[in-house]
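The values are calculated or read from the model by the stated rules, or taken from the named source; none is laboratory data. Computed from a predicted structure; not experimentally measured. Every residue, glycine as well, gets a Cβ built from its backbone with ideal geometry; the counts of neighbours run over all protein chains shown. Keep in mind that these areas ignore ligands, DNA and RNA; they rest on the heavy atoms of the full protein, side chains included. Shrake-Rupley method; radii C 1.70, N 1.55, O 1.52, S 1.80 Å.
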Amino acid sequence: MSETLENLLSEDRQFPPPADFAANANVTAAAYDEAAADRLAFWAKQAQRLDWFQEWDQVLDWSNPPFAKWFVGGTLNVAYNCLDRHLAAGNGDKVAIHWEGEPGDSRAITYADLHAEVCRAANTLTDLGVTAGDRVAIYLPMIPEAAVAMLACARIGATHSVVFGGFSKDALSGRIKDASAKVVITADGGFRRGNPSALKPTVDEAVAECPTIEKVLVVRRTGQDVDWTEGRDLWWHETVATASDKHEAQPFDAEHPLFILYTSGTTAKPKGILHTTGGYLTQASYTHHAVFDLKPETDVYWCTADIGWVTGHSYIVYGPLSNGATQVMYEGTPDTPHRGRFWEIVQKYGVTILYTAPTAIRTFAKWGDDIPAQFDLSSLRLLGSVGEPINPEAWMWYREHIGGGRTPVVDTWWQTETGAIMISPLPGVTACKPGSAMGPLPGIAADVVNDAGQIVGNGGGGYLVLNEPWPSMLRTIWGDDQRFIDTYWSRFAEHGYYFAGDGAKKDDDGALWLLGRVDDVMLVSGHNISTTEVESALVSHPAVAESAVVGATDPTTGQAVVAFVILKGNASASEAELKDHVAKTLGPICKPRQIQFVSELPKTRSGKIMRRLLKDIAEKRALGDVTTLQDAGVMQLIQQGMSTTS
Ligand code: ATP
Ligand code: MG
């Protein structure tokens with residue numbers, strides 16, 4: 001990439017926090033000053049949110065960068081912090097999880113219930129020979145046992161590796177092998193789009209290739225028939241359910257490995273991101289408290305992510321439970337049995353804080369405003385977004401149609417690697433601009449640099465970097481320290497910056513705008529143009545629900561903008577009209593060479609647009625790796641559409 005990104009889109013709208021929200025906010029502007037005065041003292045104070053068996057001697061050991069040690073010498077137990085201490089404080093009868101199954105069954109699980117089940121599961125794992133430091137693979141649907149399994153591992157110091165329940169046999173076996181896992185925890189199946197969807201057959205096939213696996217622990221969820229390997233397979237309801245619910249949580253070192261999580265693989269071979277104990281839990285807990293303004297006595301929090309993604313780890317399991325939250329957990333898809341399912345759940349449980357992804361928001365907008373309007377969403381007081389850049393118009397739609405035009409909307413930037421939120425507004429402090437993640441949280445140092453690693457001024461663009469180590473940072477790539485160094489720390493080694501791989505710009509006020517992956521930036525007639533900004537310009541046209549933009553090789557301009565567009569329900573717009581709209585909004589240089597109308601876009605299982613596949617189509621090449629694609633049929637449809645129009 002030459003020079004820096006152009007600064008194209010401008011946004012003047014601003015939404016300061018409502019006065020009563022600001023007056024009651026958990027965190028005020030003073031946090032920025034406090035952290036700026038002494039960053040390590042700030043994080044040491046946040047670590048006091050947790051119960052430690054043994055306090056640390058040193059907040060950060062950065063003597064061997066990029067290998068960090070946080071809270072050196074401290075010991076704690078993550079499950080104790082998420083469960084036992086809430087019981088000790090008299091909150092055992094409080095609901096931890098309102099679980100909603102896709103077919104409509106539900107369970108209310110108190111902190112005491114969750115504690116007992118985690119203790120039983122911890123005793124069972126110990127009986128199966130799992131000891132501290134062993135790896136356990138978890139391949140489950142969105143059922144409470146997924147959280148139980150993770151916490152049971154944490155309780156005994158086993159390192160969990162959660163694999164998204166929609167992943168294939170190869171993805172599962174690859175991850176099991178990479179971490180040499182000893183046990184797999186799975187289910188017969190889960191409910192997905194109205195039908196039971198089997199998991200156990202995939203596990204059987206995967207485990208056949210994985211000699212390290214000794215036991216397979218199976219939750220019965222759907223009641224489907226399963227093949228059974230005697231001596232290896234065990235039912236959860238015959239083992240965990242009958243185990244003792246007494247279990248004493250042991251202390252583990254602050255740097256004890258808590259989990260491995262493989263990045264979703266939007267771009268390359270998945271990397272086993274390693275997170276450890278004390279720093280991770282400190283930042284997960286603090287950010288959940290600060291960014292979601294969680295009031296554990298009154299809030300009902302709902303994060304719609306799957307537990308297989310880092311968002312599920314940090315903002316369904318560890319952040320909320322360490323903070324004693326009451327939360328909703330939902331098994332299924334947003335359109336089963338109808339397109340108002342999410343809003344029905346918000347209404348049923350009186351959800352106050354909702355955290356979801358731009359892909360979902362754009363889909364809801366496409367389905368129509370009248371669907372959320374049929375439900376009582378007045379309980380909501382805060383909305384969050386994560387996973388991709390959120391187009392300003394999607395942000396506005398979210399605030400207006402879900403947040404009733406009242407709620408703050410926090411756009412949170414972070415990665416599997418960062419473990420917790422890094423860049424986000426504080427909802428009681430920041431005047432938000434639709435589509436901007438605004439700035440780094442207190443205690444976090446993030447900036448935008450040019451090719452040479454120099455920090456750009458306001459109005460400039462380039463690469464997002466993290467300038468200082470942070471408590472929940474990845475410690476390495478499992479088994480591959482060199483890849484860890486090469487991937488994240490070599491690009492700006494001279495400056496000691498972490499290279500996030502995302503493009504970003506600072507607007508004239510210094511607010512940060514995330515522009516998607518560096519690999520997705522287009523170079524048109526010598527100008528760097530971000531796919532995100534052209535997409536946002538398209539989405540700002542009233543007829544457009546969603547779009548994906550790629551740069552295709554072009555004989556005259558080097559690369560040309562090719563856009564794929566999904567129109568809203570009954571709307572219509574011509575190709576020429578949309579091209580002109582982009583030219584007017586961003587400038588003629590950004591005008592797409594071609595616009596292709598499509599009904600779906602290729603997305604990863606976590607809902608991110610896979611632009612590289614669209615680029616293959618735009619450049620008329622064979623498609624690259626499609627294994628992490630949510631629905632392979634989508635590509636065929638798009639290809640057929642392209643061949644009839646070009
Ligand atoms: P892989 O690294 O394997 O290609 P991935 O990057 O999609 O997969 P994640 O760690 O889940 O896996 O996603 C982090 C990325 O998601 C960020 O680097 C960024 O590109 C994008 N992202 C997340 N949140 C935001 C946000 N609020 N705004 C813009 N982009 C975001
Ligand atoms: Mg990534």
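Relative to the globular-protein estimate of 2.2 N^0.38 Å, the Cα radius of gyration of segment 180-290 stands at 1.33.
Rolling a 1.4 Å probe across the protein heavy atoms gives segment 451-540 an accessible surface of 33 Å² per residue. A simple spin-label model places pseudo-atoms 7 Å from Cα toward Cβ; at residue 508 and residue 23 they are separated by 3.4 nm. Extending 7 Å from Cα along the Cβ direction at residue 571 and again at residue 169 yields two label points whose distance is 4.4 nm. Our estimate of slack between residue 250 and residue 232, defined as 0.36 nm per intervening residue step minus the Cα-Cα distance, is 3.7 nm.
Under a straight-distance cross-link criterion of Cα-Cα below 17 Å, which lysines are reachable from residue 608, leaving out those fewer than 8 residues away in the same chain? Qualifying lysines at Cα under 17 Å: 269, 366.
Compute, for the chain, the length of the dipole vector about the Cα centre, with Cβ point charges of +1 (Lys, Arg) and -1 (Asp, Glu) only. Units Debye, rounded to 20.
Taking the Cα centre of the chain as origin, the dipole is about 660 debye.
Give the angle, between 0 and 90 degrees and rounded to the nearest 10, that separates the Cα long axis of helix 358-367 from the longest principal axis of the Cα atoms of the chain. The two axes meet at around 70 degrees. Extension gain, residue 599-residue 406: 0.36 nm per intervening residue step, less the Cα-Cα distance, totals 66.3 nm. Looking at segment 97-233, the accessible area is 33 square angstrom per residue; that uses a 1.4 Å probe and ignores ligands, DNA and RNA. Fully extending the segment from residue 11 to residue 131, taken as 0.36 nm per residue of separation minus the present Cα-Cα distance, adds 37.8 nm.
Set the Förster radius R0 to 25 Å, insert the Cβ-Cβ distance between residue 333 and residue 224 as r into 1/(1 + (r/R0)^6), and round the FRET efficiency to 0.05.
0.85
The angle between the Cα long axis of helix 278-291 and the main principal axis of the chain comes to about 60°, on a 0 to 90 degree scale. Derived from the Cα gyration tensor, the three semi-axes of the equivalent ellipsoid of the chain are 37, 28, 25 Å, largest first.
Along the chain, counting only GluC sites (Glu not before Pro) with a DSSP assignment other than H, G, I, E or B and at most 11 other Cβ atoms inside a 10 Å radius, the longest segment between sites is 298-646. Here residue 458 and residue 625 are evaluated by their C-beta separation; at R0 = 30 Å the FRET efficiency comes out at 0.15. Helix 111-127 and the long axis of the chain differ in direction by around 70°, with both axes built from C-alpha atoms.
Per-atom-type breakdown for segment 336-432 gives carbon and sulfur 51% of the accessible area (1.4 Å probe, protein chains only). Remark: segment 1-141 carries a charge dipole of roughly 380 debye about the Cα centre, counting +1 on each Lys and Arg Cβ and -1 on each Asp and Glu Cβ. Figure legend: label point modelled 7 angstrom from the Cα of residue 106 along Cα→Cβ; residues of segment 356-398 with amide N under 17 Å from it are 375-380.
By the helix-only formula, in which each DSSP H run with n ≥ 4 contributes -39500 (n - 2.57) and the sum is divided by residues, the chain has a 222 nm mean residue ellipticity of -7500 deg cm²/dmol. Quick check on my link table: of 433/603; 246/295; 169/348; 505/568, which ones sit more than 32 Å apart, alpha carbon to alpha carbon? Flagged as over cut-off: 169/348. A simple charge model with +1 on the Cβ of Lys and Arg, -1 on the Cβ of Asp and Glu and nothing else charged puts the dipole of segment 383-443 at about 220 debye relative to its Cα centre. Under 5 Å between amide hydrogens, built in the peptide plane, is the criterion, and for residue 619 it picks out nothing among residues at least 5 positions away or on other chains.
Rolling a 1.4 Å probe over the protein heavy atoms gives segment 582-646 an accessible area of 49 Å² per residue.
Please work out the C-alpha center-to-center distance from segment 500-522 to segment 206-281 and express it in whole Å. Spelled out, the Cα-based centre of one part sits 36 Å from the other.
Computed from the C-beta positions of residue 370 and residue 583 and an R0 of 30 Å, the FRET efficiency is 0.40 to the nearest 0.05. Over all orientations, segment 282-413 has a Cα convex hull whose mean projected area works out to 7.2 square nanometres.
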